[in-house]
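Before any comments, here is the structure.
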Amino acid sequence: GKEAYTIHKLGAFGSDLSALSHFFERPWTSPAAGLKENAQAFVLSEAAFGLRAVGRLVEAVEPMQAGQEIRVKQEKWDSAAINASNLSELLLILGRVAEAKDVGRQSVKYADDSGDAFQKMLNRTTAADALLAAGEREEAEALFREAEKMQKEDQPEYPILYSLPGFKYCDLLLEKGEIRDVVERAEKFFKWRAPSDSLLDISLDNLISGRAHLMLSRDLLRQGKKEEGEENRIRAGEFFNKAVDGLRESGQQDYLSRGLLVRAGYFRETGQYEKAQGDLDEAFEIIEAGAMKLHLVDYHLEAARLSLEQNRQDEGAAHREAAKKLIGETGYKRRLKDLDDLD
């Protein structure tokens, strides 16, 4: 049915792509001649989604754009909204931030034209995430708040953003220092857990919980509350391990690389330098293979922190300069503060 069981519950994106390949004359750009236009748009979009998941992001762009063009031509605004949202996310990971912003805003228009309440909410969080990456936090936050208001109106029993939209909003809230709020939100995510939840959703809940508890532990330790601080630090580590294991099982390489980078930071903070380096090395392989320039910035920043903490000054400076150059190329201005912190 609509569960997409093979990808959401099994993470079997490779098998899914293998099946889809039989609907193409030339993967992944020329659908089989006998397919009707609707089916062509479907196989193009599904193939692009799968290619992104297995880390073949550059290959995913063309079929995703092609599927999008068909949906717009057909004026099927609900499908066009979904495609545009996925395309914005893809462009963002590739480091094409300005394009991701434009497509994200377009996805909001398509969603509004479709009248689909869920898509209207979801696509605002997609656009907000691209704006946040570009350093436009106020506009991003306004869109997140608008999306959450829509969520509350549409599902009063779930009055806050959850799943991937909730993860993105919590990411912003943590940047603002609203740690307790995120801890409370994460507790609700686990309370609302449903059997139909995907491997990705469960893993992202663990990832954001780990970040919130790690940040909370820092605050508690600064306040001299050693026992409570250590307890939250241990909980953070447990959440991070569950998150990385789940992301690995989900088969979605772009999210796995993000989880590894976050856990590397935890290992660094707790003095487990060898494990931190291991996560960084694995993340780098995924990022480099997929040309994930946005995540490459985060890799260099975390690698710089680890190098400096181990008194490898030259190596740290090299990673910092690499991050600075990439921020200029991509427009990932959200990370400018991280460069200042490294200084």
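The values are calculated or read from the model by the stated rules, or taken from the named source; none is laboratory data. Note that the coordinates shown come from a computational prediction; the quantities given were computed from them, not determined experimentally. Cβ sites come from the backbone with ideal geometry, for glycine too, and all protein chains shown count toward neighbours. Quick note on the areas: whole protein, heavy atoms, side chains included, nothing else; ligands and nucleic acids left out. Shrake-Rupley method; radii C 1.70, N 1.55, O 1.52, S 1.80 Å.
Out of the range 144-212, which chymotrypsin sites (Phe, Trp or Tyr not before Pro) are coil in DSSP terms and have no more than 16 other C-beta atoms within 10 Å?
On the way: sites: Phe144, Tyr162, Phe167, Tyr169, Phe189, Phe190, Trp192; in loops: Tyr162, Trp192.
Passing both the DSSP loop test and the Cβ count: Trp192.
What do you get for Rg/Rh of the range 1-146 when both radii come from the Cα atoms and Rh is the Kirkwood radius? List each step's numbers first, then the result.
Numbers: Rg = 15.3 Å, Rh = 15.6 Å.
My calculation of the ratio gives 0.98.
What's the local net charge at Asp340, with K and R +1, D and E -1, over the other residues with C-beta under 11 Å away? Taking every other residue near Asp340 into account, the sum is +1.
Computed from Cα atoms, the angle from the helix 293-309 axis to the main principal axis of the chain rounds to 10 degrees.
Centroid-to-centroid, using Cα positions, the range 130-189 and the range 218-293 are 21 Å apart. Only lysine pairs 8 or more places apart or on separate chains count here, and in the range 1-158 those with Cα atoms under 18 Å apart total 11. With the whole protein complex present, Phe118 retains an accessible surface near 110 Å², based on a 1.4 Å probe. Loop sites by DSSP among the GluC sites (Glu not before Pro) of the chain, restricted to those with at most 13 other Cβ atoms within 10 angstrom, leave 158-343 as the longest stretch without any of them.
When the Gaussian network model of the chain links Cα atoms closer than 10 Å, the mean-square fluctuations of Leu260, Leu132, Leu20 top out at Leu20. Against the chain, whose longest principal axis is taken from its Cα atoms, helix 199-222 shows a tilt of about 20°. A simple rule links phi to the HN-Hα coupling: the Karplus curve 6.51 cos²θ - 1.76 cosθ + 1.60 with θ = phi - 60°, which for the range 63-68 gives x, 5, 5, 5, x, 4 Hz, with x for Gly and Pro.
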